[in-house]
1. Quick one: 3J(HN,Hα) in Hz for region 49-64, Karplus 6.51/-1.76/1.60 with θ = phi - 60°, rounded, Gly and Pro as x.
2. Given 106, 183, 157, which one lies farthest toward the positive end of the charge dipole of region 90-207, if we put +1 on the Cβ of every Lys and Arg and -1 on the Cβ of every Asp and Glu?
3. Applying the Karplus parametrisation 6.51 cos²θ - 1.76 cosθ + 1.60 with θ = phi - 60° to the phi angles of region 166-180, what ³J(HN,Hα) value in whole Hz is obtained for each residue in order, glycine and proline being reported as x?
4. Would you tally the net charge around residue 153, using a Cβ to Cβ cut-off of less than 9 Å, leaving residue 153 out, and scoring K and R as +1, D and E as -1?
5. Under 15 Å from the Cβ of residue 134, count the other residues' Cβ atoms, weight Lys and Arg +1, Asp and Glu -1, and hand me the total.
6. Under the Karplus relation 6.51 cos²θ - 1.76 cosθ + 1.60, θ = phi - 60°, what is the ordered set of whole-Hz ³J(HN,Hα) values for region 135-145, x standing for Gly and Pro?
7. Nearest 20 debye, what's the magnitude of the dipole of region 149-207 about its Cα centre given +1 on Lys and Arg Cβ and -1 on Asp and Glu Cβ?
8. In nm, to one decimal, how far is the residue 86 label point from the residue 166 one, both placed 7 Å along Cα→Cβ?
Amino acid sequence: MRQVVRGGRTDVFRSRMSSRDPFLKQLDEDWANGCQNGAALWRRVKVAGFAGGLRVVTEWATRRRKEEGTTPGDTRPRKVPSARGIARMMTTERDLLSKTVARTVAIIEGAVPALVIARDLVDRFHSMIKRRTSADLEPWITDATPRLLGSFAKGIVQDRAAVHAALTQPWSNGQTEGQNTKLKLVKRQMYGRAKLDLLRARLLGAA
């Protein structure tokens, strides 16, 4: 499952092990050392005891070549990732990148330095919220306002008091939001046809 999530495998619904699986480590090593021809790879693993056919290895090599997406002389990925994909690769999935995706991220960082600054600002904001360091709020707003996160920073400024309270006070509106979510769930279960008396009865009954 870890390989599937990281993009290392696409055969999600395969139920049995391939004859190639015990030799994947050797295939990866040979590939990394420059042997990227399917027939040559097949001859090498065959010497190591692989009993499968040539097609099994050549299909692996073809898929690996497509996943890599670049050739040694390329300076940009063949397939341009979406904006959402780039944001995900540079933030939430940064520590789980495959070599191929890490190469793509490196190309993007070199081409658009502003994205690196924006990512660092996101990291700072996340750390500030997690550690509740209110003293970092004003410097962060100053640094973020002229950058790509400027619109987000302006929103923080407009609601500065609430953000500062979230960083300094122990109180939370989580209970209120939870009750709102529960109310909306009950209403949707009745296809939006529930009136106040029925909603009240269901909520109080469930409590």
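Rule-based calculations on the coordinates, nothing more; no lab input. Predicted model, so just to flag it, every value in this text is computed and none were measured. Here the Cβ is made from the backbone with ideal geometry for all residues, glycine too, and neighbour counts use every protein chain on show.
1. x, 5, 9, x, x, 4, 4, 4, 7, 5, 5, 4, 5, 5, 5, 5
2. 183
3. 5, 7, 10, 9, x, 7, 8, 9, x, 5, 4, 4, x, 5, 4
4. Working: positive: 147, 154; negative: 143.
After counting each charged neighbour, the total is +1.
5. Local charge sum for residue 134: +2.
6. Whole-Hz 3J(HN,Hα) from phi for region 135-145: 5, 7, 5, 5, x, 5, 4, 4, 6, 7, 4.
7. On the way: 10 positive and 3 negative charges, 77 e Å.
Using only the charged Cβ atoms, the result is roughly 360 debye.
8. Here the modelled spin labels are 2.6 nm apart.
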